[in-house]
Amino acid sequence: MFLGHDEILERIRTQNLIEGYLPEAVQGAGVDLRIHRLYELRGGGFIGREERRLPEVVEQSFTLKPGQYYLLSTMERVNMPEDLVAFMFNRSSLFRCGASLRTAVIDPGYHGELTVGIKNEGTEEIHLEEGARVLQLVFALVKGGTRRYEGRYQGGRVV
């Protein structure tokens, strides 16, 4: 079951579910989040069974070059309780400009800014403004036992 507008607002009020959000960004069944920073990736990466090497990230202006992949971080911070999981989706105006997000699940227990991939799929530059709403966060209930997120990105770490 997904949380609706009223339940999201109640969780924000009582559990500090989202920090730094805009009240008008709470939609019928989700919350629009804003871009805070854009990062270019430099160098390759390696993901092994026991080792991980990630590329260097360099903060960039808010221009998406054609065919390029970036990371973006949100202005808002989330504080996920143990009974919720969240999913991130493109806002339609973003993909109407030719950009798409590469997202992941936000596990119970995660707290911090969110980092997602964004790629300009088109042939022209796309310009973003800091604070523009680029993704919608949708929350679902988790039934049964769970484990709190304790991974390397806790707290909003980009890489």
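What follows draws every value from the coordinates through simple rules; no lab data is involved. These numbers come from a predicted model, not from an experiment. Positions of Cβ are backbone-derived with ideal geometry, glycine not excepted, and every protein chain shown enters the neighbour counts.
Here is how the numbers come out for the structure above:
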quantity: Relative contact order [Cα under 8 Å, 6+ residues apart], the range 81-159, whole percent; calculated: 44
quantity: Cα gyration tensor shape of the range 66-139, rounded if a/c is under 1.5, else prolate or oblate by comparing a/b with b/c; calculated: prolate
quantity: At most 11 other Cβ within 10 Å, DSSP loop - trypsin sites (Lys or Arg not before Pro), the range 1-41; calculated: none
quantity: Cα gyration tensor shape of the chain, rounded if a/c is under 1.5, else prolate or oblate by comparing a/b with b/c; calculated: oblate
quantity: Relative contact order of the range 1-53, defined on C-alpha pairs under 8 angstrom at six or more residues apart (%); calculated: 29
quantity: Shape category assigned to the range 23-82 from the gyration tensor of Cα positions, a/c cut at 1.5; calculated: oblate
quantity: Estimated 222 nm signal from helices in the chain, with DSSP H stretches of n ≥ 4 weighted -39500 (n - 2.57), rounded to 500; calculated: -2500 deg cm²/dmol
quantity: For the chain, built as a Gaussian network whose Cα springs stay under 10 Å, the top-fluctuating residue of Gly112, Gly98, Gly30; calculated: Gly98
quantity: Percentage relative contact order, the chain, counting C-alpha pairs under 8 Å, at least six apart; calculated: 29
quantity: For Val58, net neighbour charge (Lys/Arg +1, Asp/Glu -1) across residues whose Cβ lies under 12 Å away; calculated: -1
quantity: Listed residues Glu19, Glu50, Glu129, most fluctuating in the chain (Gaussian network, C-alpha, under 10 Å); calculated: Glu50
quantity: Net charge of neighbours whose Cβ lies under 13 Å from the Cβ of Arg148, counting Lys and Arg as +1 and Asp and Glu as -1; calculated: -3
quantity: Using alpha-carbon coordinates, inclination of helix 5-15 to the longest axis of the chain, degrees; calculated: 80
quantity: Separation of alpha-carbon centers, the range 135-159 and the range 70-134, rounded to whole Å; calculated: 14
